[in-house]
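First comes the structure, then the notes that go with it.
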Amino acid sequence: MNRLDNLYPCLEGIRKHTCVSYETFVVAYLFEAENLARAKADFPWVNFIESDCLRGFSENNNLALGHVRGEYCFILNDDTLIDTDVAGRLVGDFSLLPDNAAIVSPRLLNADGSLQLCGRPEYPARNYLLQQWHLYSEPKDDTLGKTPVAGQVYETSNISGAAFVIRTDIFRSLGFFDERYFFTPEDIALSTLARSRGYRVYVDASVAVVHKWKTTASSLSPAVRPSAVKGSLVFFGAGSRTKLLLLSLGVYAAESAKRFKAWLRYLADPSEENRIRHRTFRNICRSVFSRRSPKESFIRYYYETEGTGDGRHLQRG
């Protein structure tokens with residue numbers, strides 16, 4: 001995403017610490033020509049795939065996944081740091097797991113070293129709705145109270161798209177990432193689909209990756225957040241119009257309350273931050289019952305957002 005300050009440490013960590021045989025793909029999303037030329041020169045061992053159109057996480061990853069040749073795929077965000085042979089450790093876990101093991105993820109740490117996620121439990125629609133009302137928080141550690149399958153490897157339900165290893169043949173059979181989701185919840189959708197096909201998902205609590213999410217807040221939240229909410233409604237409301245309607249009503253009510261609170265805050269303090277916050281909740285409310293897809297929702301509000309330029313500072317998360 002045109003962030004060399006993220007990309008360079010990520011690639012340097014891969015090069016320094018990965019001991020298994022591998023090839024690396026970087027999807028250069030909305031890169032400036034100068035930055036792309038510099039990255040190619042500094043990392044000649046990397047396969048760069050240019051992505052110059054507005055695409056979400058799933059679409060961008062799939063541009064590279066169609067070219068993979070390895071037995072395993074290690075999906076890694078550019079805003080991650082590794083200081084051990086994470087790929088080798090996670091690939092090695094498969095030899096200890098049942099034949100239907102599909103995915104193994106590492107423990108994710110925040111930039112300050114605190115725990116971000118260690119596996120993820122099932123996340124039904126009711127939990128998503130409760131979270132919109134701030135009545136539920138996803139547990140950070142899904143291994144508590146569980147018995148490891150091997151070493152410090154535990155079975156879990158979902159993974160984070162920031163870092164995980166998946167068997168390529170299974171990934172291909174699942175159609176890679178579902179491109180209906182522009183920002184979220186593509187990782188939960190992938191995990192759910194894999195488990196529905198009889199595969200299992202694991203987390204290795206002994207392997208850690210630093211994920212620097214939310215360290216660079218985006219001014220594009222008025223476009224990103226509506227798309228994310230719309231994607232969640234598509235996923236959690238699938239298969240039942242009644243379920244989708246009830247879920248949409250609950251989310252709309254929650255976001256309307258947040259919009260009203262943001263409006264009051266903006267009246268009291270008309271700062272740029274408060275203006276962006278109010279526009280974000282306003283756009284979410286507008287998108288809940290719209291027929292637009294998550295991508296269409298993002299594009300609409302992306303071009304309405306002031307100061308976006310050509311979008312080269314677009315951030316995920």
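What tally of residues in segment 141-188 results from selecting those that are under 15 Å from Val201 (Cβ atoms) and among the charged types (D, E, K, R)?
Going through segment 141-188 one residue at a time, the tally reaches 6.
Give the residue, chosen from Phe48, Phe74, that is of a type outside the set (Ser, Thr, Tyr) and under 26 Å from Asp204 (Cβ atoms).
Phe74
Hey, could you check segment 217-241 for residues that are crowded, with 19+ Cβ neighbours inside 10 Å and charged (D, E, K, R) and say which is nearest to Leu193 (Cα to Cα)?
Lys230
Hey, among Pro9, Pro44, Pro98, which residue is assigned by TED's automatic domain parsing to the domain that holds Tyr181 and within 24 Å of Arg167 (Cβ to Cβ)?
Only one candidate passes the filter, namely Pro98.
Output the qualifying pairs, or none if there are none: Cβ atoms under 6 angstrom, residues six or more apart or on different chains, first residue in segment 1-18 and farther than 14 Å from Asp42 by Cα, second residue basic (Lys, Arg) and surrounded by fewer than 17 Cβ atoms within 10 Å (Cβ to Cβ).
Filtered contacts from segment 1-18: Asn2/Arg312.
For segment 174-184, state whether one or more residues are surrounded by 17 or more Cβ atoms within 10 Å (Cβ to Cβ), more than 19 Å from Lys230 (Cα to Cα), of a type outside the set (D, E, K, R) and touching a strand residue (DSSP E or B) at 6+ places or on another chain (Cβ under 8 Å).
No - not one qualifying residue is present in segment 174-184.
Listed here are the residues, each with its yes/no results for (1) assigned by TED's automatic domain parsing to the domain that holds Val86; (2) closer than 30 Å to Tyr252 by Cα; (3) out of contact with any Ser or Thr (no Cβ under 6 Å at 6 or more places or on another chain); (4) of a type outside the set (S, T, N, Q).
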| position | (1), (2), (3), (4) |
| --- | --- |
| Leu129 | yes, yes, yes, yes |
| Leu135 | yes, yes, yes, yes |
| Val165 | yes, no, yes, yes |
| Leu174 | yes, no, yes, yes |
| Phe183 | yes, yes, no, yes |
| Asp187 | yes, yes, no, yes |
| Leu190 | yes, yes, yes, yes |
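Quick check on Val91: is it surrounded by 17 or more Cβ atoms within 10 Å (Cβ to Cβ), of a type in the set (A, V, I, L, M, F, W, C) and over 28 Å from His67 (Cα atoms)?
When the stated conditions are applied, Val91 does not pass them.
Can you spot a residue in segment 180-189 that is at pLDDT 95 or above and touching an Asp or Glu at 6+ places or on another chain (Cβ under 8 Å)?
yes
The values are calculated or read from the model by the stated rules, or taken from the named source; none is laboratory data. Computed from a predicted model, the values in this text were never measured in an experiment. Every residue, glycine as well, gets a Cβ built from its backbone with ideal geometry; the counts of neighbours run over all protein chains shown.
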